[in-house]
Structure formats: structure tokens, C-alpha cells
Amino acid sequence: MSLDDFRHEALAEVGSTNTECLERARKGALSGLWITADRQVDGRGRRGRAWFSEPGNLYASLLLIEAAPMERLGSLPLAVAVAVQDAVSRVMPLNGPEVLVKWPNDILIERRKICGILIEGETLPDGRHGLVIGIGINVAVAPDAGLYPVATLRDFGVSASPDELFAYLFQSMAETLSLWNRGRGIAAVMERWKQVAGGIGENITVNLPDRSISGRFAGIDDTGFLKLETEDGGTRLIAAGDVFFG
Ligand code: BTN
């Protein structure tokens, strides 16, 4: 997909930009539709949590149809993290703190979460696979998310508005998805991901659905799984979990 394949519709208020994108897809919308909203009244986070969505922050979703063959879709979250990290870095002040990615796709500044990403997909009535990448960035307001410390871009001296930030995101996502190349370019995307990843080499704890494991974060493997070196000398590959530093 090139930059020309993406369109943007800005709404004042919506239930959830993710839901809106999926509804459009069910009615036949083409891949590459971005929907942003000033405010969401039913913003959704991961694991069924609500996502604070009052005006002042960025709420954006991108619809992709037949984004990649199923077996290559697992690498998409890493590509999304690379794009968001790039967009946020572009609005940071000179000499501002680093913007880092926490596996797989949280974006942190000074170890505080400034963004949430929710990727959802479904088979559409016509049999195509629709997928939506939902991105919420704390520009001006940081609701307490519970699990991790949070911050806003304003806390770090960013003056850009949600619209200005979106313009960078629109561009960086187009570039990163082109590099990702329907999953064929995952090696190049993972190189970028590693350059901006936080915590590699550090001790971390990973919360899995049924337990927590601690160890040394040894990086990611070729498919994007987290490599955790545990005390017993083994290395575990983790496909999904919540990572905590220290
Ligand atoms: C998380 O829990 O960390 C993910 C939060 C994702 C929030 C964004 S805001 C835009 C899009 N629309 C939603 O309803 N959720 C996502």
C-alpha cells in the first residue's frame, strides 16, 4: 500500500473508532480507511476494559482488509509499535526523553505508558478478513489505567495537538506498513523494533493468563516472540503477556 491508498475521516464523537471502522468494513469499506474522533463514548481497551476517551487525546483506528495471510499476521503488532514510536518521537521536544517500545507494542516514555493499541479482526459478511488497528495516545490527559504508571505527552513538553500528531502517524504508518509488506518484510521491521525497544537485557516479569514468570529479557525471536531467560538456565518463548520491568 502506498500513501495514496489511505483515507482519513475525522469525526467529532463516536462510540469507538474501532467499532466504527469494523462497521464500515461490514458495509464494504475499502482497506486503508482511518477514522479519528475527538471523543469516544464507548472507547475500548484490551481485555474488555474501558478506555478513557475525553477530548484532548488522539483516538484513531485504521481499517485493513486482507492485511496479510493469517500465518504472517502475528508480526503486525510489532510493525504498529514501530509506526507509533516514530510518530510520537517526531513531536517530542529536542533533547526530550526517549520514546521506547515495551514488548510487544506498548509505547513508554520514562517507563510510563502514553499509548494504548488494540488490534481486532473479524471475517466480514463477504468472506474477506477485516482488521482494525486502534490507537489511543495520551496527548493531554492520562487516566489511571491501573496496571502501569501512565503519563501524557504534555508531561514531556510536547505542544502538538492530537491532529498534528495524527498527521505524523498517518505518514509513519503508511511507511511502516509498506516496509512490513504484508508480513514479508518482518525482518526489516524487527530491526527497527529492536532499535527502539526498552528493557532488553534487563530482568522482567511477564504476567501470563494463569501465572507470572520472571527472568532476563533476551530480546525477540524471528517471529516476534519474547525470549525470556529463566533462572533454571532455559529460554522460554512467550507469544502474549504483560511485561513489567525490574
Ligand atoms: C489498551 O488497553 O492499552 C488499548 C487501548 C486502545 C484504545 C484505542 S483509542 C482508539 C481505538 N478505539 C477504541 O475503542 N479503542 C482504541
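Every number here is computed from the coordinates shown, using simple stated rules; none is lab data. A quick note: this is a predicted structure, and the numbers were derived from the prediction, not measured. Note that we place each Cβ from the backbone using ideal geometry, even for glycine, and neighbour counts take in every protein chain shown.
Worth pointing out:
- Highest average packing first - 48-54, 113-119, Cβ atoms within 10 Å: 113-119, 48-54
- The label point for Leu147 and the one for Arg26, both projected 7 Å from the Cα toward the Cβ, are 2.7 nm apart.
- Close lysine pairs were tallied over the chain: pairs 8 or more places apart or on different chains with Cα atoms under 30 Å apart number 6.
- Theoretical gain in end-to-end length, Ile213 to Asn181 [0.36 nm per residue, Cα-Cα removed]: 8.1 nm
- Residues of the stretch 1-25 with amide N under 12 Å of a point placed 7 Å along Cα→Cβ from Ser161: none
- Semi-axes of the equivalent ellipsoid of the stretch 160-246 are 30, 16, 11 Å, computed as sqrt(5λ) over the eigenvalues of the C-alpha gyration tensor in descending order.
- Calculated translational diffusion coefficient of the chain (25 °C, 0.890 mPa s; Stokes-Einstein with Kirkwood radius over alpha-carbon pairs) equals 134 µm²/s.
- Charging the Cβ of each Asp and Glu at -1 and of each Lys and Arg at +1, and nothing else, the dipole of the chain about its Cα centre rounds to 220 debye.
- Taking label positions 7 Å along the Cα-Cβ direction at both Arg154 and Glu66, the computed distance is 4.5 nm, reported to one decimal.
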